[in-house]
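Undergrad: Take a look at the following structure, please.
Please treat every number below as a calculation from the coordinates, not as lab data. From a predicted model like this one, the values you see are computed outputs, not experimental measurements. Every residue, glycine as well, gets a Cβ built from its backbone with ideal geometry; the counts of neighbours run over all protein chains shown.
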Ligand SMILES: Nc1ncnc2c1ncn2[C@@H]1O[C@H](COP(=O)(O)OP(=O)(O)O)[C@@H](O)[C@H]1O
Ligand SMILES: [Mg+2]
């Protein structure tokens, strides 16, 4: 790399360095600081001074240390070999760092993001003489046993192919095609670079009407997310943000997962690293790690790299979207990213807006979520990037700036509730505060693919839950005995719905993931209890007796007892329910 | 010559006079280029050396935070040396059984122990791929912890307490009783005191002494009468020794740090002096990252025998759990044991609030082969039932206890048993995990079986009906 001295350090204040004597340097240029070559990025230029945010610990950096320019922005290496890898916030592979510097991360170590020695079996999909443009699939590589990596012509390339490598094994940086275009010939390899802060282009955006199925009932049935959509999961500490993100990363029906651990715990990344290779994707039968890329910039790693990590993650996601894949990005937690912005802004002595956050916070949040979407790619395929962002409001108070601004830019909101978490009702997603604006968009999909009664049943239970709130207020004042059985039955059915349906154990082998069929069958079973129970009560059966029907008690445990593979067992359960209530009526009515 | 070598050579230079002294901060002008976070020696007029660290460096001035305070320093009389390297501390297993100040210098009258290594006190981030996920159950003998908020070896589990509550007693009891099932292991305790009174330090020493464990304990004391700035370095010194003992000597180290609130206050003090833009309640925006630098220095490492388990203690200002200190801690640590003043007032020890307490690592360390197969569901059921008790109590306070349904009465009884018999125990009572779990079932027997949705029918048969008939 041709590095040149572009100036000297003038001041060091944590991760922010002011440089002087700057002649030719570009905004957002990647720089190296001092002899240990700490990686940084120019974030401000004024006169002959520059402000640099450094992605590594700046201990020992002193005035007059040289600053070297690299002539390019902070970019990622994109190509086969990304899947199954764990990177830090600026795409340094942590495995390689482990080999280089041991169990602790040393400063100034660097390693290439894509392994240059590994050979990949490339199969061309084009021939000499073909006209190609950006996005064209030049060839394919089986990256993991489940993902075919489509090597596409990078944005900006167009022309006629003057050479194409024959099928065979190549390294990522070897030339596999030469394109002759208006600006002369250009050699292409399986690897390309892309700056992290710039969205990758698509042919056009498309409407979002396919749900991202997560296997989590409260999400899919009550507050569905669309492929290409955006959602925020706010919640105080310990309410289940990370567990929810993990559950989605494990079981959702995306093709690729990019999991960003942004300013959170090291052990949580270790947990994913241990668990994912062993878990099998219910749809493909392959290990989950084969579709996953991890970005780990934990809370004790440098704060600037935390700022970069979310862009790194979403750029990787766009790269796979461009190959025609559906990608889900989990960012845990976007609040740590916003706080990194605040810390850097504070060190640069910028004027703060709310709670010390810079005035450009909302713009940055909007830009980030704007990178989600369902698109027709440059190659004409469909692909999507879905963004699922955790938010960690201080004191669990949703009125703080990050939660509020995020709410403006996402269309789905899964609010975690402290009371539910305290009662160990997991996932602690509140059915009263949460919403999904994708509901209408995904409704046709559910009705066509799963069952025509989905939307009605869902509306019915949501109404009951609202009614329950009012009834519980009455109970709080006068006690449950004051209500007639018909009203207490509303509370009973809601409580059943919460226990039997909304609560879902991440640790139970059967319950951790529900197919859409199972979700609907469970919902319909509970609604059948509601209808049949109401009739029985009208005929004089007491609620007490109704609750003791064996089939009713079995409803509560159906999530554990009826596996995804045996939906027909629901028919039997429903029949027993009918019979049980019929018998009661015969005796008491 | 490399930048760093050059700076080490310059470390002999001494600069006379300070441009400004403000609280624990000393501003020096006209120096050679000084590195960020370099170790600094400030010499006062009497020739005493005080250690400090570079907080900000520029071609114009260097800002030094002096850990031993600036009392008595004069602008013309202060001489400063920049050591060209960060603050380090000499560490060795000979430090066990000894007492040090916050910077690691002996204060027990003995000589400084020979050091085997001299690492940077700031530590370095553990590569997440080097970590081993903690899953070994530690039996503390305390039911509300073992049963409901299980401690795992390598976990960071703070106690969120309040002034005057028995957090020291609980921490000492855990330190005394903690054991792995299946035998003794090489263990050590590293104790860091920040801004607490002498009697707190003495209480812990006596408690270690009584069990004959004092030889396995290293104490770092930066007590209430020491300069408050020293508290910033105390936990770092302690954790540096802990890392040496765990990762170089293979010991299982329990680190007790008290009181983290005092630590955070010192941090706020410096931030305010430097005129930084505060975030909540005047605490600096980097409080989260700073605390993470400490708390993340716990855990286990693949292929290494030792471990670091952290038990930080913090007093919640005004018993407010949403205050930035407990709040940010809770976001970093792997759970929290929360104390409740009302429980303490009713004479329940330990006064652990059932619902807001949490152990995040519990899920992988309990169950068959680790504690007992019924443990996960039992704990979940106890939480659910106890949470309902709170609702019933609220209801009772409005409509009167007599108006409650028979079922709600049963819940009231359950709540009473749970608090008085399960949570409450003697300060020297060491229960086995089986005793704890059996006691949990005894509590559940006060409720009808249909109410117990979170346990399986098999578990009901074995533990609810099984023993219940006798
Ligand atoms: N879906 C779930 N199933 C079971 N336990 C859960 C679930 N969600 C959260 N928990 C429990 O809550 C704890 C905290 O959850 P976590 O996701 O780490 O919280 P957050 O990221 O919001 O701080 C977990 O360690 C686990 O014990
Ligand atoms: Mg989390």
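Undergrad: Would you calculate, for chain B, the mean residue ellipticity at 222 nm contributed by helices, counting each DSSP H stretch of 4 or more residues as -39,500 (n - 2.57) and dividing by all residues, to the nearest 500?
TA: Estimated from H runs of four or more residues: -8500 deg cm²/dmol.
Undergrad: Quickly work out the residue A:433-to-residue B:225 label distance, labels modelled 7 Å from Cα along the C-beta direction, and quote it in nm with one decimal.
TA: Inter-label distance under the simple model: 4.8 nm.
Undergrad: Of all DSSP beta bridges in segment A:306-464, what percent run antiparallel (nearest 5)?
TA: Around 55 percent antiparallel, to the nearest 5.
Undergrad: Calculate the translational D of segment A:547-588 in whole µm² s⁻¹ from Stokes-Einstein, where the hydrodynamic radius comes from the Kirkwood formula applied to all Cα pairs, the temperature is 20 °C and the viscosity 1.002 mPa s.
TA: Estimated diffusion coefficient is 198 µm²/s.
Undergrad: Okay, moving on. Grab the beta carbon distance between residue A:351 and residue A:64, set R0 = 30 Å, and tell me the FRET efficiency rounded to 0.05.
TA: Values: r = 30 Å, r/R0 = 1.00.
Computed FRET efficiency for residue A:351 and residue A:64 comes out at 0.50.
Undergrad: What translational diffusion coefficient, to the nearest whole µm²/s, does segment A:101-157 have by Stokes-Einstein, given a Kirkwood radius computed over alpha-carbon pairs, a temperature of 20 °C and 1.002 mPa s viscosity?
TA: On the way: Rh = 14.3 Å.
Stokes-Einstein gives a translational diffusion coefficient of 150 µm²/s.
Undergrad: When a/c is below 1.5 the answer is rounded, else prolate if a/b is larger than b/c, else oblate, so apply that to segment B:375-465 with a ≥ b ≥ c taken from the square roots of the Cα gyration tensor eigenvalues.
TA: Oblate, because a/c is 1.5 or more while a/b does not exceed b/c.
Undergrad: Kindly rank B:80-88, A:213-221 from highest to lowest mean number of other beta carbons found within 10 Å of each residue.
TA: A:213-221, B:80-88
Undergrad: Let me ask another. Most exposed first by the Cβ proxy, i.e. fewest other Cβ within 10 Å, how do B:362, A:289 rank? Before the final figure, lay out each step's value.
TA: Details: B:362 27, A:289 22.
Sorted ascending by nearby Cβ count, the order is A:289, B:362.
Undergrad: If you don't mind, there's one more thing I want to ask. Sticking with the crude label model, points 7 Å out along Cα→Cβ, report the distance from residue A:99 to residue B:105 in nm, one decimal please.
TA: 4.6
Undergrad: Hey, could you pull the Cα Rg and Dmax for segment B:145-247, both in Å?
TA: 14.3, 44
Undergrad: Over segment B:79-179, one equal point on each Cα, no solvent: what is log10 I(q)/I(0) by the Debye formula at q = 0.11, 0.14 Å⁻¹?
TA: The Debye formula, applied to the Cα set alone, gives -0.59, -0.90.
Undergrad: Counting pairs of alpha carbon atoms under 8 Å apart in space and at least six apart in sequence, what relative contact order in percent does chain A give?
TA: After rounding, I find 13 percent.
Undergrad: May I pose another question? Roughly how large, in nm² to one decimal, is the mean projection of the convex hull of the alpha-carbon atoms in the protein assembly as shown?
TA: Working: hull surface 175.9 nm².
Taking a quarter of the hull surface, the average projection is 44.0 nm².
Undergrad: So if I average 1/r over every pair of distinct C-alpha atoms in chain B and take the inverse, what Kirkwood radius in Å does that give?
TA: Across chain B, the inverse of the average 1/r is 24.2 Å.
Undergrad: Three principal axis extents, largest first, for the C-alpha atoms of segment B:93-358, in Å?
TA: That works out to 43, 42, 41 Å along the principal axes.
Undergrad: Report the semi-axes of the equivalent ellipsoid for segment B:3-86 in whole Å, largest first, where each axis is √(5λ) for an eigenvalue λ of the Cα gyration tensor.
TA: Equivalent ellipsoid of segment B:3-86: 19, 13, 11 Å, largest first.
Undergrad: What is the calculated FRET efficiency for residue A:283 to residue B:428, with r their C-beta to C-beta distance and R₀ = 51 Å, to the nearest 0.05?
TA: Working: r = 55 Å, r/R0 = 1.08.
With R0 = 51 Å, the Cβ-Cβ based efficiency is 0.40.
Undergrad: Give me the inter-chain shielding for A:295-306: mean count of other chain Cβ atoms within 10 Å, whole number please.
TA: Per-residue shielding by partner chains comes out at 5.
Undergrad: Right, next: Treating each Cα of segment B:1-145 as an identical point scatterer and ignoring solvent, apply the Debye formula and state log10 I(q)/I(0) at q = 0.19, 0.22 Å⁻¹.
TA: Relative scattering, expressed as log10 I(q)/I(0), comes to -1.16, -1.33.
Undergrad: Still on this structure, I have one more. Identify the residues of segment A:341-355 with backbone N under 17 Å of a label point that sits 7 angstrom from the Cα of residue A:44 along the Cα-to-Cβ direction, or state none.
TA: A:341-354
Undergrad: Also: Among bridges DSSP assigns within chain A, what percent are antiparallel (round to 5)?
TA: Counting DSSP beta bridges with both partners in chain A, the antiparallel share is about 75 percent.
Undergrad: Relative to the longest principal axis of the C-alpha atoms of chain A, give the angle of the C-alpha long axis of helix A:550-561, reported between 0 and 90° and rounded to the nearest 10°.
TA: 10
Undergrad: I'd like the antiparallel share, as a percent to the nearest 5, of DSSP beta bridges with both residues in the protein assembly as shown. Could the numbers behind the result be given before it?
TA: Numbers: 111 of 166 bridges.
For the protein assembly as shown, the DSSP antiparallel bridge percentage is about 65.
Undergrad: Can you tell me the 0 to 90 degree angle between the C-alpha axis of helix B:234-243 and the longest principal axis of chain B, rounded to 10?
TA: That works out to roughly 70 degrees.
Undergrad: Please find the FRET efficiency linking residue B:94 to residue A:588, where r is the Cβ-Cβ separation and R0 is fixed at 60 Å, and quote it to the nearest 0.05. Don't jump to the answer; show the numbers that get you there.
TA: Values: r = 80 Å, r/R0 = 1.34.
Plugging the Cβ-Cβ distance into 1/(1 + (r/R0)^6) gives 0.15.
Undergrad: Please order A:271, B:146, B:116 by the number of other Cβ within 10 Å, starting at the fewest.
TA: B:116, A:271, B:146
Undergrad: On full extension of the chain, what length is gained from residue A:453 through residue A:145, given 0.36 nm per residue of separation minus the C-alpha to C-alpha distance?
TA: Net length gain for the segment: 107.1 nm.
Undergrad: Return a whole-number percent for the relative contact order of segment B:3-86, with Cα pairs under 8 Å and 6 or more residues apart as the contact set.
TA: Answer for segment B:3-86 is 41 percent.
Undergrad: For helix A:303-321, report the angle its Cα long axis makes with the longest principal axis of the Cα atoms of chain A; keep it between 0 and 90° and round to the nearest 10°.
TA: Between helix and principal axis, roughly 80 degrees.
Undergrad: For segment B:277-432, what is the Kirkwood hydrodynamic radius in Å, using each pair of distinct C-alpha atoms? All intermediate terms of the calculation are to be shown ahead of the outcome.
TA: Working: mean 1/r = 0.0537 Å⁻¹.
Result for segment B:277-432 stands at 18.6 Å.
Undergrad: Let me ask another. Would you mind computing, in nm to one decimal, how far apart the modelled labels at residue B:320 and residue A:359 are, each placed 7 Å from Cα along Cα→Cβ?
TA: Distance between the two pseudo-spin positions: 3.0 nm.
Undergrad: Let me ask another. Full-extension gain between residue A:486 and residue A:469, please, as 0.36 nm times their residue separation minus the C-alpha to C-alpha distance.
TA: 4.6 nm
Undergrad: Taking beta carbons within 10 Å but only from partner chains, what does the mean come to for residues B:359-367?
TA: Mean number of neighbouring Cβ atoms from other chains: 2.
Undergrad: From other protein chains only, count the Cβ atoms within 10 Å of every residue's Cβ in A:57-69, then give the mean.
TA: Per residue, the number of nearby Cβ atoms from other chains is 6 on average.
Undergrad: If you consider only alpha-carbon coordinates, what radius of gyration and Dmax does segment A:430-589 have, in Å?
TA: Gyration radius and largest Cα-Cα distance of segment A:430-589: 16.3, 47 Å.
Undergrad: Quick one, can you get me the convex hull of the C-alpha atoms of segment A:193-304 expressed as volume per residue in Å³?
TA: 153
Undergrad: Follow-up. Taking the number of other C-beta atoms within 10 Å as the exposure measure, put B:159, B:233 in order starting with the fewest. The partial results should precede the final answer.
TA: Working: B:159 26, B:233 29.
Fewest-to-most Cβ neighbours within 10 Å comes out as B:159, B:233.
Undergrad: Shape verdict for segment A:40-118, please, from the Cα gyration tensor: rounded (a/c under 1.5), prolate (a/b greater than b/c) or oblate. Don't skip to the answer; put the middle values down first.
TA: Numbers: a/c = 2.82, a/b = 1.62, b/c = 1.74.
Oblate shape, in that a/c is at least 1.5 and b/c is the bigger or equal ratio.
Undergrad: If you don't mind, there's one more thing I want to ask. Over all Cα pairs of segment A:369-455, how is the pair count split among 5 Å bins, expressed in % and running from 0 up to the last occupied bin?
TA: Answer for segment A:369-455: a P(r) of 3, 11, 15, 19, 18, 16, 11, 6, 2, 1 percent.
Undergrad: Over all distinct alpha-carbon pairs, what is the Kirkwood Rh of chain A in angstrom?
TA: 26.3
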